[in-house]
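The values are calculated or read from the model by the stated rules, or taken from the named source; none is laboratory data. What you see is a predicted model, and the numbers here were worked out from it, not measured in a lab. Virtual Cβ from ideal backbone geometry, glycine too; neighbours counted across all protein chains shown. To get the accessible areas, we keep the full protein, side chains included, count just its heavy atoms, and leave off ligands, DNA and RNA. Shrake-Rupley method; radii C 1.70, N 1.55, O 1.52, S 1.80 Å.
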Amino acid sequence: MSQERQSLPSPFRLAGMDLVLFLVGIAGFAFTIWCLPDLHPDATASREFDRDEAVSTADVFLVSQGYEISGLVSTAELRRRDGLLSDLQHTLGRNTAVEFLNSDNRNVVAAYYWLVQYRPGLNPGETQFLGGQDPVFEVELAQNGERLALRNMSGLIGASAARFGSPANRVNRSALSSIIRADTASTSEARTALIQIPDSVLQARLSFDFDGTEPMDSESALNALTNNQAVALDSSALDGLIAHHLRETAFRNVDMRLDSIAVSNASRGRNVQVTMVSDPPIAGQRIILEAGLSSTGTLSRLRTSYEPTQDVEQTVSAALAATKVGLLLLLSFGFIVVFFRRLSARLLDMKAALVDAMVVGILGGLIAATASAQLNEVFLFTPIWGEILIRLIIFSIVAGALSIFVFMIAGVTDSVIRENLEGKLGTLVLLRHGDFQNKPMGAALVRGFALGGILLGIGTGSLWMLEGLHLSLPDIFLSEASMRPVLAGVFQGFETAYFLTLLWVVGVSSVVRRLSKQTLLSVILLTITGAFVGIGPVNFVSQPLGLIIGGVSALLLAWAWVRYDIVTVMAALFTSEILWSLTEGYLVSGSPAWIDVLLGGLFVASVVILGFVGVASRRTGQQVNTYVPDYVSEMAGQERVRRELEIAHQVQSFFLPRSMPDVKGLDIAGMCLSANEVGGDYYDFIKLDDGRLAFVLGDVSGKGIQAAFFMTLVKGIVQTLTRQGLTPSDIMRKLNTLFCQNAPSGTFISVVYGEINPKTGQFTFARAGHNPVIWYRSDEKRSEALQPKGMAIGFTSGPTFDTNIEEQTIHVQSGDALVFYTDGFSEAMNRARVLYGDERLVEKVTQIGGRSASAILRMMTEDVHHFIEGMGRADDMTMAVIKLEN
């Protein structure tokens, strides 16, 4: 197996920088645990008023309004108002906002509230595969159970749900008794009197009329209703109804100013919409109540919203948030482009990418499949088999899509690190092999733990020092959004650490590495980009202060990346992300996620213990470095082939004539054009006694070093035999015998060998399976192909070869030319897959045979290249021209 050594980080020692790092990390964890409850808004939330109490309180509220809730299924969950939390931090400052949310007014300006939803249930024996309908009612309750809002959506989800919530068919006698009674009667007496009046009379005879000139008299109204007469409720009656309903909400002690009244003409004055605004504002927030009241006293809706008294600048935040998304998309797009480029070049480690894709894909699928808040509505009435099936489908879709993306990212990361960031991949290789019990992995885990504590300390310390730094919190708590917060924290922490490390750290570093080898430049760009991406576990509102804190966290991780390795950075992000995501269980009073905090702490502690076990082990981790990706081995093989071809080129060029021989009476030209792959073309001139010249041209079968080697063998044999005074045919026979003795079966060479006497013009030659010799006859202005019998050297041996070799002698005249060539000329092919051919060569020689040898050679080459139309040479093209001078 090929081996590739990856440098690994230095061993961990509780001394020097490692000791400082570890102690500062522990201090960061301790500081976060101690100070965070005084700094985080979630510390003001409470679940002491639990889920069952929330449902019971909402039930009483709806029944008191006259609504029918039998047959409805209720769910309740504690939520945040992320927009209100952001506005409070901006208006008051975060620390003051936390103090305010600890006061009694936290149930009025309710940043945390219970949301209770009611949906139609199923009939006995009925099942529904994809869940129930949309909610009929939604009730919002403050943390102490006081009412905040009511949404009646029965009219929006079909006739089947209308029976539950149509306000026109409901009578709230308690509310009516506060405005319709005898002056001497108590509320209970009035209610008793109203009980005697049928609902149909109250629904038909009561309406709002604010244009009347005389005020409504309560006792007269009661008497009129008793006699089935119409009663118009004026503004004072409306004020009484509003006061009655406000007494049952969290806003009973808030000074509210009536802002607008709108009577519904479609209901013939039986419904009115009222808007009230708190005056003065509370905590810089205007409380806006939009109430829907029916003339029968029923509260059809109560919408609560909060509006800051001062404008909150959103431009900078929006720009920073867009920059973060843009950077991540740019990095992702860049990785995808590089992936396809490297895929086409076969420069990807498929095995490592598949491991990462499988692990991260499974984790992502589990996160999606175990989400509870998003799937509660779907699974409310779904049978268990249907829930399992749906979760499996969600898991498959998310895991599949995420695996494809991770496969691209991991494949590019591995090849980029190997190419540009040597020495940073060692621990990642160990991690992929699941080998934790060794010094490098142990050091990475312990250092990552310490850096995670420092990251948490940076986030908490920033909250402690900077009043203007605001936290960004989602609407839904992790305990509501997942089946088990600790699992979601571990899965999400790993995925966040994985993607940030690969996309941000490796992506930016590889780009910098291509531009400059300066480590400082890499740290600077990592810090700048990390600031915009928002590196660190604490999610701040996008603002300049958050940008600075993100830059500090990014600088720390950039230093760790340069000094240590990729797994150290990943472990730091992983540790800090897990623990920060579980702070809900530590901060929120009565949170069921407290057990998840404990489990999360134990998980992180086990990782640290595993790290120390690795640090204490004797294994160095070097044994895993023998792994080499397939593409690296292929590249090494390609490099060997390239080197082999280069050597073959050198051998071939070394044994070819470097200049044409100077022989009186002969004009000589020759050349060999190599193809992309080295062949075995060979030609040579050998001066003999009496002014004669021997010429040999051959084409060895095969390519590369082997062909070059046999070309060398043939050259040596021919030069030796030429000195022995043998005839051309005898030289061929001897050459064949010696070649067959030294070359493996199946290797052969086509050769033409001849000797010319420029004084007499006699040319004697033999041909062993080679292309014809073209003889240009100047006196007749024509050319002919000379093709005596002969088999290729090495094709066979003994008498079969010897008896089939034929020698031919011709007498050339002044101006005649002899053209020798290899099949690179005759078999040159154009785009139409048509061969140039021997006949075309003969015709071309006839046209240009009267020119000099060098001109004939040049024009023949140009004609062939023009014929193939830029297709390129598929084989070596060798040609020699010998012309008898006038």
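Excluding ligands, DNA and RNA, the accessible surface per residue across the chain is 44 Å² with a 1.4 Å probe. Between the Cα long axis of helix 350-369 and the first principal axis of the chain there is an angle of about 10°, rounded to the nearest 10.
In straight-distance terms, cross-link reach from Lys687 covers every one of the lysines whose alpha-carbon lies under 28 Å from its own, apart from those fewer than eight places away in the same chain; here that gives Lys664, Lys715, Lys734, Lys759, Lys789, Lys883. For Glu99 and Ile362, the FRET efficiency from 1/(1 + (r/R0)^6), where r spans their Cβ atoms and R0 equals 56 Å, is about 0.80. Ranked from largest to smallest solvent-accessible area, with a 1.4 Å probe on the protein heavy atoms, Phe825, Phe333 come out as Phe333, Phe825. Taking every DSSP helix (H) stretch of at least 4 residues in the chain, weighting each as -39,500 (n - 2.57) and dividing the sum by the residue count yields a mean residue ellipticity at 222 nm of -16000 deg cm²/dmol.
Phi angles across segment 388-394 convert, under the Karplus curve 6.51 cos²θ - 1.76 cosθ + 1.60 with θ = phi - 60°, into 3J(HN,Hα) values of 4, 4, 5, 5, 5, 5, 4 Hz, Gly and Pro given as x.
Against the chain, whose longest principal axis comes from its Cα atoms, helix 315-344 is set at around 30 degrees. Set against the labelled values [x] 52.5; [y] 57.1; [z] 35.4, mean projected area of the Cα convex hull in nm² computed from this structure falls on [y]. Distances between placed amide hydrogens fall under 5 Å for Phe436 paired with no residue 5 or more residues away or on another chain. Ranked from largest to smallest solvent-accessible area, with a 1.4 Å probe on the protein heavy atoms, Trp559, Trp594 come out as Trp594, Trp559. When only Cα pairs below 8 angstrom with a gap of at least 6 residues are kept, the chain shows a relative contact order of 12 percent. Stretched out straight at 0.36 nm per residue, the stretch from Asp211 to Asn830 would grow longer than its current Cα-Cα span by 213.0 nm.
Considering only beta bridges that DSSP places wholly inside the chain, some 95 percent are antiparallel.
Using a probe radius of 1.4 angstrom, the carbon and sulfur fraction of the accessible surface of the chain is 56%. Near Ser300, the amide H atoms lying under 5 Å from its own belong to Gly292, Leu293, Ser294; only residues 5 or more places off or on other chains count, and H is placed 1.01 Å from N. The candidates Glu784, Glu862, Glu807, arranged from most to least accessible area with a 1.4 Å probe in the full protein assembly, appear as Glu862, Glu807, Glu784.
Angle of helix 16-39 to the longest C-alpha principal axis of the chain, folded into 0 to 90 degrees and rounded to 10: 30°.
Take the Cα radius of gyration of segment 695-816 and divide it by 2.2 N^0.38 Å, with N its residue count; two decimals is plenty. Against the empirical 2.2 N^0.38 Å value, I get 1.10 for segment 695-816. Local charge sum around Gln285 (other residues, Cβ-Cβ under 11 Å, Lys/Arg +1, Asp/Glu -1)? Local net charge: 0. In the neighborhood of Leu85, defined by Cβ-to-Cβ distances under 15 Å, what is the net charge if each Lys or Arg adds +1 and each Asp or Glu adds -1? Neighbour charge sum, excluding Leu85 itself: -2. Taking the average, over residues, of other Cβ atoms within 10 Å as the packing measure, peptides 20-31, 732-743 rank 732-743, 20-31 from highest down.
When Rg and the Kirkwood radius Rh are both evaluated on Cα atoms of segment 767-847, their ratio Rg/Rh stands at 1.05. Cβ-Cβ distance of Asn420 and Ile609, R₀ of 41 Å, FRET efficiency by 1/(1 + (r/R0)^6): the value works out to about 0.75. Stretching Val201 away from Glu290 to a fully extended chain increases their span by 29.3 nm, per 0.36 nm per residue minus the current alpha-carbon distance. For segment 710-723, the Karplus equation 6.51 cos²θ - 1.76 cosθ + 1.60, evaluated at θ = phi - 60°, returns couplings of 5, 4, 4, 4, 5, 4, x, 5, 4, 5, 5, 5, 4, 6 Hz by residue, with Gly and Pro reported as x.
Rounded to the nearest Hz, the phi-derived 3J(HN,Hα) couplings of segment 600-616 under the Karplus curve 6.51 cos²θ - 1.76 cosθ + 1.60 (θ = phi - 60°) are x, x, 5, 5, 5, 4, 5, 5, 5, 4, 4, x, 5, 4, x, 4, 7, where x marks glycine and proline.
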